[in-house]
Amino acid sequence: MKDRLILLLCTLLLLLQTPFSISAQPDPDKPAKGLVKGVILDESTGQPLDYATVTLFSSEDSSMVTGGVTDISGTFSLEVKFGRYYANVAFISFLDKNIGNIEVNRDRPIVDLGSIQLSPNATTLAEVEVRAEKSNMQISLDKRVFNVGKDLANIGGSASDVLDNVPSVTVDAEGGVSLRGSAGVRILINGRPSGLIGVGDTDGLRQIPANLIDRIEVITNPSARYEAEGMAGIINIILKKDQRKGLNGSLDLTTGYPDNYGLAANANYRTGNLNLFGNYGISYRKRPGKGSLYQEVYDRNEFKPDTTYILQQNQDRERGGWDNTLRAGAEYFFNDKTTLTG
């Protein structure tokens, strides 16, 4: 018994003095991944380039694997599976750069590409012609301006058709104009009230050809002067003014379906500070329309049986006809801000 105990102690001492190691085996179900990182710099200034694009492609079939953009410090970090890749670095106004032989494996799971410098793309451009056009809509603190300009939808129409294409402005079947659902709208011509158009009386809009309109100003927050009159807003129709000197003219002929015909002639003569203008337009339009209304009213009263009232209306109407417009006048320009018009 004593010999066995001595043998056991000797065996334990021998095991304790023998070095051994236990290695953890990789999980076969967990994908092996690594990291590719670096920093993108401007070669001419040494400054970091933020929002530069870095794309990794597989070296086997050149398929795109992953990509990203650099941060404000020019650095990037892309997580990829173990494998062989090549990278493409691109940035606006800089030459692209390709980096090959990028291998990510268990021995080298993190690949640092270091500083990657891009060269500016110095390209000599030919002569560039810049043409500016006014935006269809301009928004300011007190009004919104809609430039009619080259809007083909307004050709051959009248001021009513132009207003019907303006956001927040509605023209009903009878020609009534409302702004954001309210009919209390003051309509001005060149910033002044017109005898043809007033509040609730918009028949004169059909007599103004669309080709004479330069822009529409919509004022949704009128001054206290107009608020006292119950105005919900102001629509200011600005007519075109020919700035060219000498005699100028134009002739417009339009047609459309259903039954839409128009002829407009414009003439303008300007010399020095005096401008004489005149235009005549004639048009014929036929606008068939249909309308229907169905309404049910339930009357519940404890003193009599419940009653239901039903109102149903169907309308077939045809609007349109001939319109003639004649406009003539003179302007005298004292300076850029003072004009006398008659």
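The values are calculated or read from the model by the stated rules, or taken from the named source; none is laboratory data. None of these values were measured; they are calculated from a predicted model. Virtual Cβ from ideal backbone geometry, glycine too; neighbours counted across all protein chains shown.
The figures follow:
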{"read-out": "Region 54-64, residues that are surrounded by 15 or more Cβ atoms within 10 Å (Cβ to Cβ) and under 35 Å from the mean Cα position of the chain (by Cα)", "value": "V54, T55, L56"}
{"read-out": "Count of region 112-135 residues which are at pLDDT below 75 and either assigned to a strand (DSSP E or B) or more than 30 Å from A52 (Cα to Cα) (or both)", "value": "5"}
{"read-out": "Pairs, first of a type in the set (V, I, T) in region 282-300, second part of a strand (DSSP E or B) and surrounded by 10 or more Cβ atoms within 10 Å (Cβ to Cβ), C-beta under 9 Å, six or more apart", "value": "I282/Y261; I282/G262; I282/L263; I282/A264; I282/D323; I282/T325; V297/T307"}
{"read-out": "Residues (among the aliphatic types (A, V, I, L, M) and closer than 15 Å to I40 by Cβ) located in region 106-123", "value": "L113, I116, L118"}
{"read-out": "Within region 273-298, tally of residues that are of a type in the set (K, R), surrounded by 14 or more Cβ atoms within 10 Å (Cβ to Cβ) and farther than 13 Å from W322 by Cβ", "value": "0"}
{"read-out": "Verdict on Q47 being out of contact with any strand residue (DSSP E or B) (no Cβ under 8 Å at 6 or more places or on another chain) and modelled with pLDDT under 95", "value": "no"}
{"read-out": "Among residues of region 213-237, those that are farther than 26 Å from L251 by Cβ and either modelled with pLDDT of 75 or more or of a type in the set (S, T, N, Q) (or both), counted", "value": "10"}
{"read-out": "Complete set of residues in region 191-212 that are touching a Leu at 6+ places or on another chain (Cβ under 6 Å) and modelled with pLDDT of 75 or more", "value": "L212"}
